[in-house]
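Input: a single structure, listed below in structure tokens.
The values are calculated or read from the model by the stated rules, or taken from the named source; none is laboratory data. Since the model is a prediction, treat every value here as computed from it, not as a measurement. Neighbour counts run over all protein chains shown; Cβ positions are idealised from the backbone, glycine included.
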């Protein structure tokens, strides 16, 4: 950043650009927002505008045990994924930022590769593997597979906050007699905590929203929420879906807002600690 | 052993985990491509199948068009955000990020609701009197393009915006002072300086588009089958080796695209664009 942002001096160019930008912005946001009024519709079809306001689809959602079971299953798996990928990812970020060893760039590319490799490849690979080990249909097996997909987000976030961490604080702690574990617990962890939590939130959402892997390795009694939605979309498009979707959008937007707020804090974190300590 | 190299050991738990949970399954799956008599029969079967060839070409063609459409739509919005006042810019960032943060499944559902036979768009057009009969919009190639462009736009907007924001505004002012009109300022100053973002976004979108499954499965018709959908179908029919061979080809296509582009843009930059 230079502090000198580019500006458009021609008003005509500015107006034309504004019109195109507005059209693209509407294309992006309208489909997401349109679900919200539908979920409060009193009609039993997806007619727009809704004939009247009601909470019947939410009531139905919360009273139906199949949807609630799926929601709890997804939350449970996502918590496990967040925990597992935060522990493994935080340790690995330390190794990657602080350590120096041959093949480091290749290792980073390998750890980040699930972000870019088509989901179907991971899904069928894991399916074949689990089928041989007779692990298909276990929620923990789903969590393990999701962790591989979620861990890159932890590594990216924690590495970023470690890069921003002032190493002099660590040296000072060690000079004052703190051991490696105490230095980590009392000095490093507090200042990288926002990055760690942001990574955990991203990991949670990655698992909570994941469909393709679950499609192959979930058994008939482990229907995660995305799986239940997928089945419903392929058959009936019931308005309950609009209610689930609205809740899911609200949940993931709030989690992401927390995560990106923490990310920004993580980047500013280390410098501020030094100033406040001085 | 020095302290620095001992720190490196902290990578081991994750490495061990990923080898068991990710690398070994993928490697074993790829090994199926070789076939039972080591003659690469599954791979030959895929290449000899007209259906598979058609699906591969359809997927490639779709990925190319979706990438181009996404680029054409993303650049103006990114440019507008980069030059807007801070309040407008924050509002538009929310408009880009909220769909980005919404799952692909829910966004596909939204398009099903909008494009369906009794969907919002058809109902609106009929009630205004522009249509007498509902149009078939859902389960067409058109719906697949719309859905994919919608999912992929933020992946293009964010890297372009990042590189536009990095441009020193004084360069633009200098070009204008030297008599350059708006078109030539854009062509000779802004566009070249934003190319790293354009390239990063293009690679990312193209590679992600190659692997699409959920959106085309929900929005497309019978002829809109992507490689990922065909692989899933083969696996469902218990033709695992053929499915694995297709997955191997898809992986090779993905890696070739990534490495081909990495001559122009670093992989770190591409991956930096994801979330």
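Here is a yes/no grid of residues against (1) closer than 27 Å to residue B:224 by Cβ; (2) not in a helix (DSSP H, G or I):
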position	(1), (2)
B:6	no, no
B:12	no, no
B:31	no, no
B:37	no, yes
B:46	yes, no
B:70	yes, no
B:74	yes, no
B:78	no, no
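Among the listed residues B:189, B:144, identify the single one that is within 11 Å of chain A (Cβ to nearest Cβ) and part of a helix (DSSP H, G or I).
None of the other options fit; the residue is B:189.
Looking only at the stretch A:152-173, which residues are over 17 Å from the mean Cα position of the chain (by Cα) and surrounded by 24 or more Cβ atoms within 10 Å (Cβ to Cβ)?
Selection gives A:161 alone.
Tell me the residue from A:17, A:12 that is farther than 26 Å from residue B:99 by Cβ and free of Cβ contacts under 8 Å to residues at least 24 places away in the same chain, please.
Values: A:17 fails: farther than 26 Å from residue B:99 by Cβ.
Result of the check over A:17, A:12: A:12.
If I ask for residues that are more than 7 Å from chain B (Cβ to nearest Cβ), assigned to a helix (DSSP H, G or I) and free of Cβ contacts under 8 Å to residues at least 24 places away in the same chain, which ones from the stretch A:116-140 would you list?
Answer for the stretch A:116-140, where residues must be more than 7 Å from chain B (Cβ to nearest Cβ), assigned to a helix (DSSP H, G or I) and free of Cβ contacts under 8 Å to residues at least 24 places away in the same chain: A:131, A:132, A:133.
Filter the stretch B:118-141 for residues that are under 23 Å from the mean Cα position of the chain (by Cα) and either at the interface with chain A (Cβ under 7 Å from one of its Cβ atoms) or assigned to a helix (DSSP H, G or I) (or both) and give the result. Walk me through how you get there before you give the answer.
Start the filter on the stretch B:118-141 by keeping residues that are under 23 Å from the mean Cα position of the chain (by Cα), which leaves B:137-141.
Residue satisfying the conditions is B:141 alone.
Would you check if there is a residue in the stretch B:251-262 being buried (at least 23 other Cβ atoms within 10 Å of the Cβ), modelled with pLDDT of 90 or more and assigned to a helix (DSSP H, G or I)?
Within the stretch B:251-262, the first condition is being buried (at least 23 other Cβ atoms within 10 Å of the Cβ), and the residues that meet it are none.
Checked against the condition, which is being buried (at least 23 other Cβ atoms within 10 Å of the Cβ), modelled with pLDDT of 90 or more and assigned to a helix (DSSP H, G or I), the stretch B:251-262 yields no hits at all.
Checking residue B:173 against (1) over 24 Å from the mean Cα position of the chain (by Cα); (2) part of a helix (DSSP H, G or I); (3) away from every other protein chain (no Cβ under 11 Å), which test does it fail?
Only one criterion is unmet by residue B:173, namely (3).
If I ask for residues that are facing chain B (nearest Cβ under 10 Å) and either part of a helix (DSSP H, G or I) or touching a strand residue (DSSP E or B) at 6+ places or on another chain (Cβ under 6 Å) (or both), which ones from the stretch A:219-238 would you list? Before you say what the answer is, go through the steps one by one.
Here is the first cut: in the stretch A:219-238, the residues facing chain B (nearest Cβ under 10 Å) are A:225-227, A:229-230, A:232-234, A:237.
Those that are facing chain B (nearest Cβ under 10 Å) and either part of a helix (DSSP H, G or I) or touching a strand residue (DSSP E or B) at 6+ places or on another chain (Cβ under 6 Å) (or both): A:225, A:226, A:227, A:229, A:230, A:232, A:233, A:234.
Being at pLDDT 85 or above and at the interface with chain B (Cβ under 7 Å from one of its Cβ atoms) is the filter here; which residues of the stretch A:1-26 pass it?
A:17, A:18, A:20, A:21, A:24, A:25
Report, by residue number, each residue of the stretch A:82-105 that is under 13 Å from residue A:195 (Cβ atoms) and facing chain B (nearest Cβ under 7 Å). So that I can check it myself, show each step before the final result.
Step one: filter the stretch A:82-105 for residues under 13 Å from residue A:195 (Cβ atoms), giving A:86, A:89-90, A:93-94, A:97.
Selection gives A:89, A:94.
Go through (1) at pLDDT 90 or above; (2) surrounded by 17 or more Cβ atoms within 10 Å (Cβ to Cβ) and name the single condition residue A:239 misses.
Here residue A:239 meets the rest and fails (1).
Considering the stretch A:67-90 alone, what residues qualify as being more than 13 Å from residue A:206 (Cβ to Cβ) and under 19 Å from the mean Cα position of the chain (by Cα)? Write out each step before concluding.
Within the stretch A:67-90, the subset more than 13 Å from residue A:206 (Cβ to Cβ) is A:67-73, A:75-76, A:83, A:87-88, A:90.
A:70, A:71, A:72, A:73, A:75, A:76, A:83, A:87, A:88, A:90 - these are the residues of the stretch A:67-90 that are more than 13 Å from residue A:206 (Cβ to Cβ) and under 19 Å from the mean Cα position of the chain (by Cα).
Please determine, by comparing only the residues of the stretch B:108-117 that are at the interface with another protein chain (Cβ under 7 Å from one of its Cβ atoms) and either touching a residue at least 60 places away in the same chain (Cβ under 8 Å) or not in a helix (DSSP H, G or I) (or both), which one is farthest from residue A:239 (Cα to Cα). Don't jump to the end; show me each part of the working.
From the stretch B:108-117, those at the interface with another protein chain (Cβ under 7 Å from one of its Cβ atoms) are B:109-114; that's our starting set.
Those still in the list that are either touching a residue at least 60 places away in the same chain (Cβ under 8 Å) or not in a helix (DSSP H, G or I) (or both) too: B:109, B:111-112.
Numbers: B:109: 11, B:111: 14, B:112: 12 Å.
The extreme case among them is B:111.
Tell me, please, whether a residue that is at the interface with another protein chain (Cβ under 10 Å from one of its Cβ atoms), part of a helix (DSSP H, G or I) and surrounded by fewer than 18 Cβ atoms within 10 Å (Cβ to Cβ) can be found in the stretch B:215-236.
So far as the stretch B:215-236 goes, yes, one or more of its residues are at the interface with another protein chain (Cβ under 10 Å from one of its Cβ atoms), part of a helix (DSSP H, G or I) and surrounded by fewer than 18 Cβ atoms within 10 Å (Cβ to Cβ).
Residue-by-condition table, conditions (1) closer than 30 Å to residue A:223 by Cβ; (2) assigned to a helix (DSSP H, G or I):
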residue: A:8; (1), (2): no, no
residue: A:27; (1), (2): no, yes
residue: A:31; (1), (2): yes, yes
residue: A:72; (1), (2): yes, yes
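Conditions tested, residue by residue: (1) more than 8 Å from chain A (Cβ to nearest Cβ); (2) loosely packed, with under 15 Cβ neighbours inside 10 Å; (3) touching a strand residue (DSSP E or B) at 6+ places or on another chain (Cβ under 6 Å).
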site	(1), (2), (3)
B:17	no, no, no
B:21	no, no, no
B:27	yes, yes, no
B:44	yes, yes, no
B:59	yes, no, no
B:62	yes, no, no
B:65	yes, no, no
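Do the conditions hold for residue A:38, that is, is it under 20 Å from residue B:108 (Cβ atoms), within 14 Å of chain B (Cβ to nearest Cβ), at pLDDT below 90 and part of a helix (DSSP H, G or I)?
On the way: under 20 Å from residue B:108 (Cβ atoms): yes; within 14 Å of chain B (Cβ to nearest Cβ): yes; at pLDDT below 90: yes; part of a helix (DSSP H, G or I): yes.
For residue A:38, the condition - under 20 Å from residue B:108 (Cβ atoms), within 14 Å of chain B (Cβ to nearest Cβ), at pLDDT below 90 and part of a helix (DSSP H, G or I) - is met.
For residue B:230, work out the one condition from (1) in contact with a helix residue (DSSP H, G or I) (Cβ under 6 Å, 6 or more places away or on another chain); (2) without any contact (Cβ under 8 Å) to a residue 40 or more places away in the chain; (3) under 20 Å from residue A:214 (Cα atoms) it doesn't fulfil.
The failed condition is (2).
Please pick out the residue among A:92, A:143, A:160 that is within 30 Å of residue B:245 (Cβ to Cβ) and either in a helix (DSSP H, G or I) or touching a helix residue (DSSP H, G or I) at 6+ places or on another chain (Cβ under 7 Å) (or both). Show your work before the answer.
On the way: A:92 fails: within 30 Å of residue B:245 (Cβ to Cβ); A:160 fails: within 30 Å of residue B:245 (Cβ to Cβ).
Going through A:92, A:143, A:160 in turn, the sole match is A:143.
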